Structures are given as structure tokens and as C-alpha cells.
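Notes follow once the structure below has been shown.
The values are calculated or read from the model by the stated rules, or taken from the named source; none is laboratory data. This is a predicted model, so every value here is computed, not measured. Because the Cβ atoms are built from the backbone with ideal geometry, glycine has one as well, and the counts that use them run over all protein chains shown.
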Amino acid sequence: MTGSEGLLVDVVWTNDKLGTRIRVALWLHSEVGEGNRFNKQQLRKAIPGIEQVDRRMRDLRPAGWVIKTYRDMASLGPDELYLEKVGTHIWEPGQRSVGLRTISGRLRREVMERDNHRCVRCGISAGEEYPDESGSHARLTLGHVTPHKHGSAAQLEDLVTECARCNETARHLTGVQLSAEQVWDRIQELPRREKTKLLTWMVADRRAATETEQIWARYRQIPAAHRDALKKQLGIALGSGS
């Protein structure tokens, strides 16, 4: 990017005649930059007087922007965010609608219900800690079965539930990634029954949930006080031998 282009960006993000989503993208691009941290207070101060400005920031993710929270990175504070990747330059002509989704709250609930509130790729539930990344917890989102459908009026069959980590490309994953050879070595160590199960997941590109896992995912959706009550109730039931 040339110096003149940088100056243009610096001026444009302050233009309150632009849409909030575009202004947020411009501010992140010019004032934060890839590989840097920021917080919500800075964003609200930069673009004041806008309700739900945080949501407009989240709306950038379907356009290829990778913005991580403390749920994705254990090193971040509760109000900190990390701009890992600048996605589509939605302020450019012809790019302004990229990533916009017309997904209703009802459709979102239907997709989550169908997928048992679990990531169909790795099977993790909302709020669970990643087994290979201590301190980082899963955040569920919706992904498109066919990536090019981003921005379209998606239907139930076009969408799947994914955790934020699986929703991003492999090069954006956090944690140590194994090579194909290392994964194959582990596959070979599995008993034949487990290999057959794994192949079924590979073919379907999703991990099938057992009945127990489905109940676990539903359990995770209810309020904490109710979870505690059920936990005690099950403990009593097992203790009584019933």
C-alpha cells in the first residue's frame, strides 16, 4: 500500500456517511493492522455513538477477517481482541456486500439444534476447552457447506455448526499442527473398529455424535444453576444405585 493510499484510508474511516461495517474495517486496517491487539473501548472511541458497533466488527468474519477473542486465545484479556488477518477490503468498489449474510435468528437456532449445538468438524461443544490448547474455549458459529455461498440467502442445508477454529483455514489454526505423516502414524495405531469409525467421519466430513454426547451438548446449553442441579441429581441417582 502506498503512502497516498494510507492517507486515504486514515481519512475515510472517520467518514460518518459510510456504513458502520465499512468504517470498522477501515479502522482495523489502518489503525490496528494484522498481528496486533486492540480492545473494544478503542473501537467505541474511534467510532462513537453507534449501537452494536461490536456486532458490525463480528460481521467482518464471513468476509475473511480473522478476529480472535480471549475464548480463542488464552493470552488475551476478556476485553482484548487480536486482528490475525485482514480479509476482503469491503470498502473497495464491488466488495461492499462480500460476507454479508441473510441468516435469521430462527434459521441460526434450527442449524444449531440440528447439529446438537456441537461443531460438526471436531465435535466440541460451546464453551468447552480445546484438549490441545489449555485455556482456550470453543465458540460456535455457522459455516457454509459451500464457501462461495457466503453472502447468499442461505438455507438450512447450506449451513453447518462449526467452532471458530474449524471455521477458519488450517493456516489460521492456533496450537501445534501435526503433519499428514504424523496423523497417519496415529491412525495406524487405532484398532480396526476405531479406524472404521474414523473413516465414516472422514467421508461425512463431520463427527457423528453418540446419544451421550448429544445429551452433553444439550446440557451445556442450559443455565449454570440448572446444570449444577442436574449434576447433583445424577450423582444422587448413581449413588443410590438407581
Task: Unmet requirement for ILE67, which otherwise passes all of (1) closer than 28 Å to LEU28 by Cα; (2) modelled with pLDDT under 80 - done: (2)
Open item on the list: I'd like to verify a number: residues in the stretch 200-215 that are under 19 Å from VAL111 (Cβ atoms) and in a helix (DSSP H, G or I), how many?
Closed with: 3
TODO: Could you list all residues from the stretch 102-127 that are crowded, with 19+ Cβ neighbours inside 10 Å and among the charged types (D, E, K, R)?
DONE: ASP115, ARG118
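Yes/no matrix, rows are residues, columns are (1) touching a strand residue (DSSP E or B) at 6+ places or on another chain (Cβ under 6 Å); (2) modelled with pLDDT of 90 or more; (3) among the polar types (S, T, N, Q); (4) outside any loop (DSSP other than H, G, I, E, B):
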position: LYS17; (1), (2), (3), (4): no, no, no, no
position: ARG23; (1), (2), (3), (4): no, yes, no, yes
position: LEU43; (1), (2), (3), (4): no, yes, no, yes
position: LEU81; (1), (2), (3), (4): yes, yes, no, yes
position: GLN95; (1), (2), (3), (4): no, no, yes, no
position: ARG101; (1), (2), (3), (4): no, no, no, no
Task: Answer from VAL53, VAL32, VAL24 - the residue that is in contact (Cβ under 8 Å) with a residue 12 or more places away in the chain, farther than 20 Å from ARG96 by Cα and either surrounded by 14 or more Cβ atoms within 10 Å (Cβ to Cβ) or within 20 Å of the chain's Cα centre (by Cα) (or both) - done: VAL32
TODO: Would you mention how many residues in the stretch 61-82 are in contact with a Gly (Cβ under 7 Å, 6 or more places away or on another chain) and in contact (Cβ under 8 Å) with a residue 40 or more places away in the chain?
DONE: 4
Task: Filter result (over 17 Å from the mean Cα position of the chain (by Cα) and either farther than 23 Å from VAL160 by Cα or not in a loop (DSSP other than H, G, I, E, B) (or both)) within the stretch 83-93 - done: HIS89, ILE90, TRP91, GLU92, PRO93
Open item on the list: Taking the conditions exactly as written (part of a loop (DSSP other than H, G, I, E, B) and out of contact with any Pro (no Cβ under 8 Å at 6 or more places or on another chain)), does ASP132 satisfy them or not?
Closed with: yes
Task: In the stretch 37-50, the residues that are within 21 Å of GLY77 (Cβ to Cβ) and either touching a residue at least 40 places away in the same chain (Cβ under 8 Å) or surrounded by fewer than 14 Cβ atoms within 10 Å (Cβ to Cβ) (or both) - done: ARG37, PHE38, ASN39, LYS40, GLN41, ARG44, LYS45
